[in-house]
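The structure appears below as structure tokens.
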Amino acid sequence: MKKNNIFRFCGIALMSAMAFSSCSDILDEQPRSGYDPTYFKTEDGVKGGLTSLYSHLRNLYGQAYYLTSLEAGTDEYTYGHSADGNQKDIDMSGVGNVTSTTVRSDVLWGQAYTDINTACAVIENASEVGIAANLVAEAYFFRGFHYFNLVQTFGGVPLDLGGGKLHSNDAPKRTSVRNTVDEVYTEAIFPDLKKAVDDLDDEPRVIGAVTKNTARLFLAKAYLTYGWWLENPNNIDTYPATTKRDKSQAQNYYKLAYETAIAAINAPGPYKLQDTFYDVNFWQNDRNAEWLLWADHTVNNDQYNGGGLGYGSGSAPDNFAGWFTQWNYCGDMRGEFEDGSTGNPVLREACQALGRPWTRMAPIPDALAKFTDVDKDSRWDGTFTYQYRCNFAKGNNKNAYVKGANGAQIKNGEAFLTFLPYNDANVQYAQANGNINAGTLPGRNDFVINLKDVSRQTYPGVWKTIGHRTDRDEASALGNPNGCSPRPFPIAKFSEFYFLASEAAVKLGKNSDARYFINEIRGRAGKWKTNFNDYTYLCSNTGYETLTVSKDFSNDLKAATPEVITIDYILDERLREYWGEGYRWLDLARTQTWEKLAGVYHISDACGRAPKEVKRDIKKSYYLRPIPQGQLDALQMTDEEKAAYQNPGY
């Protein structure tokens, strides 16, 4: 994987700059091989730079190594059977080493500074070429957005790229000075995002463009995160050192976070909660009114997709994040067919339930167990592929059935393997099927695996984040097994305003408000449209739009909500709502609960074997990721200066 740093890209070099379209409601991408900095002195140059900020979101979101840095080593994920050092090192469980060359936060560092520099150039030149304030506000948004990601990840970071504080730079500079965390928030993040809130429109100027409420979401989250940083309840060190970490000011920022989130909920503009959790993530409803920001992709052509549709390269700008969390269902499962032959009953298929398996990150059974009330809360069913259904006929297999559990005959479309969202003491792991060692239950045709017995090799996939069959795949039915997902990758959702309001309310002692906002999310989770693991809609291009709410347990789930809302409870709700989407490490780091919630986990070596306890060595210094080694190598500074530039503990 190529690693970049801000000094190699400190010039205004847009790898895929674009121009605005005068007759379309989407961004018109016009790739160019490079730009001279003087191009930003023109209207086309400023607009091209602005549009590139959207295009470059693909280099982070949907990029599986960036997802690794945000999910692996948390309570959600550990390394999978086919993991390499990218996942093992960050697990912190003794199978690798956490160093400045192994933690994949380098993906963020390289891309964020490229885009910050571009945003600075847009802001500096917009007035001269006559760009409207609402367009310039988009550049302010992206600069604040990227600095917020950086400060959460690395602590204090440079505001001066070589051309002066918050100015663009078109010539390499080999020295750098890091600003403190409080300086990054108060001089860059807060002013930029407030400027964006003030000047952006309520409605997006084109599909997917940022709006007033997009900026509000990240401003509210920045206020909340800064409040936690000021309060510092578990004495997590910051870096570089600062004298402005004043705990007495934390409540002021929790209040600002609360008020900002409430303002968005009360004036939603074009956004709203979807009727059901399924609607948020089902591919036929991508870019829905709950999505505030996404890294866009398309099935229509390679250029506008941002990456090849025929074969996934395993690098940005392809959307391949979902593949890292999919196990090798199409290779590890084996079955005996009607004619006595042996083969795969579930073939690799480019539908939303299946997709390409890489087995790089495995879900942790302890966290899967947090999906409670699975018969009422739709988020287990609306997140995981927990049933793997036979599709062997699509591979021209003429057999009528494959042998299942207890001597049963399993036909196409029927479940061959099911991961139980609970633990049944009657499961017997006595019948191996390929490499999965699946269990049986009396009276069931499908093989089963208890929740506690999920292993690094065999586990539920995450259907909400993976790809779907495309129109061009219909003729072959199995689709293109190696192509990356042509789906957009969601970055921000309107639902998070309710979580932010609830978390801020807890910090402010407003328990009734905290319970109200979390119940708005839980109430929605109680509405079911279908059982999606029947594949009827996950693996079809039609029919989803006809579905209506079939079951409603909203009141039951609201009544089951604890009377007193705690931060731990909100974190559990965030896990159920945003599993695998790249929220988790930032959530645990913000609330300083990483070691508490992820320091010990249990997982089996193979299904059916007793789960083993695994302890992680999560040092307090790890709450800041290391400055990437590529950045340090590019600096022309003394060894002592470089050592001081690096975060402590690395």
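Considering only the stretch 273-286, I want to know if a residue exists there that is charged (D, E, K, R), modelled with pLDDT of 95 or more and closer than 28 Å to Asp198 by Cβ. The answer is no, given that none of the residues of the stretch 273-286 is charged (D, E, K, R), modelled with pLDDT of 95 or more and closer than 28 Å to Asp198 by Cβ. If you go through the stretch 496-537 and keep only what is surrounded by fewer than 20 Cβ atoms within 10 Å (Cβ to Cβ) and either touching a Cys at 6+ places or on another chain (Cβ under 9 Å) or more than 17 Å from Pro562 (Cα to Cα) (or both), you end up with Leu508, Asn531, Asp534, Thr536. Of all residues assigned to the stretch 228-241, at least one qualifies as being out of contact with any helix residue (DSSP H, G or I) (no Cβ under 6 Å at 6 or more places or on another chain), in a helix (DSSP H, G or I) and surrounded by 15 or more Cβ atoms within 10 Å (Cβ to Cβ). You will find that of Glu581, Glu563, the residue that is over 24 Å from Lys493 (Cβ atoms) and of a type in the set (Asp, Glu) is Glu563 and no other.
If you go through the stretch 518-539 and keep only what is farther than 17 Å from Arg379 by Cα and either in contact with a strand residue (DSSP E or B) (Cβ under 6 Å, 6 or more places away or on another chain) or in contact (Cβ under 8 Å) with a residue 24 or more places away in the chain (or both), you end up with just Cys539. In the stretch 255-298, the qualifying residues are those that are in a loop (DSSP other than H, G, I, E, B) and of a type in the set (Gly, Ala, Ser), and the one that is nearest to Gly467 (Cα to Cα) is Ala289.
For the stretch 222-259, filtering for residues that are of a type in the set (A, V, I, L, M) and either at pLDDT below 95 or over 20 Å from Ser621 (Cα atoms) (or both) leaves 5. Of the set (1) out of contact with any Phe, Trp or Tyr (no Cβ under 8 Å at 6 or more places or on another chain); (2) surrounded by 22 or more Cβ atoms within 10 Å (Cβ to Cβ); (3) of a type in the set (Lys, Arg), all apply to Lys493 but (1).
Candidates in the stretch 591-615 are the residues that are among the acidic types (Asp, Glu) and farther than 19 Å from Asp332 by Cβ; of these, the one that is surrounded by the most Cβ atoms within 10 Å (Cβ to Cβ) is Glu595.
Among the residues of the stretch 65-88, those that are in a helix (DSSP H, G or I), surrounded by 23 or more Cβ atoms within 10 Å (Cβ to Cβ) and in contact with a strand residue (DSSP E or B) (Cβ under 9 Å, 6 or more places away or on another chain) comprise Leu67, Thr68, Glu71, Gln87. Does Lys194 satisfy being closer than 24 Å to Asp639 by Cα, over 22 Å from the mean Cα position of the chain (by Cα) and surrounded by fewer than 22 Cβ atoms within 10 Å (Cβ to Cβ)? In short, no.
Let's see how each residue does on (1) part of a loop (DSSP other than H, G, I, E, B); (2) closer than 23 Å to Ser378 by Cβ; (3) of a type in the set (S, T, N, Q); (4) modelled with pLDDT under 95:
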{"position": "Thr418", "(1), (2), (3), (4)": "no, yes, yes, no"}
{"position": "Tyr422", "(1), (2), (3), (4)": "yes, yes, no, yes"}
{"position": "Asn426", "(1), (2), (3), (4)": "yes, no, yes, no"}
{"position": "Asn435", "(1), (2), (3), (4)": "yes, no, yes, yes"}
{"position": "Pro442", "(1), (2), (3), (4)": "yes, no, no, no"}
{"position": "Val448", "(1), (2), (3), (4)": "no, yes, no, no"}
{"position": "His468", "(1), (2), (3), (4)": "yes, yes, no, yes"}
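I'd like to verify a number: residues in the stretch 532-547 that are modelled with pLDDT of 80 or more, out of contact with any helix residue (DSSP H, G or I) (no Cβ under 6 Å at 6 or more places or on another chain) and either assigned to a loop (DSSP other than H, G, I, E, B) or of a type in the set (Ser, Thr, Tyr) (or both), how many? Counting residues in the stretch 532-547 that are modelled with pLDDT of 80 or more, out of contact with any helix residue (DSSP H, G or I) (no Cβ under 6 Å at 6 or more places or on another chain) and either assigned to a loop (DSSP other than H, G, I, E, B) or of a type in the set (Ser, Thr, Tyr) (or both) gives 2. Considering the stretch 552-650, the qualifying helices (runs of 4 or more DSSP H), each wholly inside and each with 2 or more residues that are of a type outside the set (S, T, N, Q) and more than 23 Å from the chain's Cα centre (by Cα), run over 554-560, 629-634, 639-645. A single entry from Thr51, Thr42 fulfils the requirement of being over 25 Å from Leu571 (Cβ atoms), modelled with pLDDT under 95 and touching a strand residue (DSSP E or B) at 6+ places or on another chain (Cβ under 9 Å): Thr51. Selection of the stretch 264-278 for residues being surrounded by 17 or more Cβ atoms within 10 Å (Cβ to Cβ) and either over 17 Å from Leu200 (Cβ atoms) or out of contact with any helix residue (DSSP H, G or I) (no Cβ under 8 Å at 6 or more places or on another chain) (or both) yields Ile265, Leu273, Gln274, Thr276, Phe277, Tyr278. Do we have Tyr65 as more than 18 Å from Leu588 (Cβ to Cβ), at pLDDT 95 or above and either polar (S, T, N, Q) or touching a helix residue (DSSP H, G or I) at 6+ places or on another chain (Cβ under 8 Å) (or both) here? So Tyr65 passes the test. Phe9 meets all of the listed conditions (1) part of a helix (DSSP H, G or I); (2) modelled with pLDDT under 55 but one, namely (1). Residue pairs whose Cβ atoms lie under 7 Å apart, sitting 6 or more positions apart in sequence or on different chains, and linking a residue in the stretch 571-596 that is more than 15 Å from Phe277 (Cα to Cα) and of a type in the set (Ser, Thr, Tyr) to a partner that is modelled with pLDDT of 95 or more and part of a helix (DSSP H, G or I), are Tyr583/Arg574; Thr591/Trp228; Thr591/Ile567; Thr591/Leu571; Thr593/Leu571. Is it the case that Lys398 is touching an Asp or Glu at 6+ places or on another chain (Cβ under 9 Å), farther than 15 Å from Trp327 by Cβ and either in contact (Cβ under 8 Å) with a residue 24 or more places away in the chain or surrounded by 21 or more Cβ atoms within 10 Å (Cβ to Cβ) (or both)? It is false that Lys398 is touching an Asp or Glu at 6+ places or on another chain (Cβ under 9 Å), farther than 15 Å from Trp327 by Cβ and either in contact (Cβ under 8 Å) with a residue 24 or more places away in the chain or surrounded by 21 or more Cβ atoms within 10 Å (Cβ to Cβ) (or both).
Given the criteria modelled with pLDDT of 95 or more and at positive phi, does Asp381 qualify? It is false that Asp381 is modelled with pLDDT of 95 or more and at positive phi.
Only one entry of Glu613, Glu577, Glu595 meets the criterion of being closer than 28 Å to Tyr459 by Cα, of a type in the set (D, E, K, R) and in contact with a strand residue (DSSP E or B) (Cβ under 7 Å, 6 or more places away or on another chain), and that entry is Glu613.
The values are calculated or read from the model by the stated rules, or taken from the named source; none is laboratory data. Here the structure is a predicted model, which is why all the values come from computation and not from measurement. Quick reminder, even Gly has a Cβ in these numbers, built from the backbone with ideal geometry, and neighbours come from all protein chains shown.
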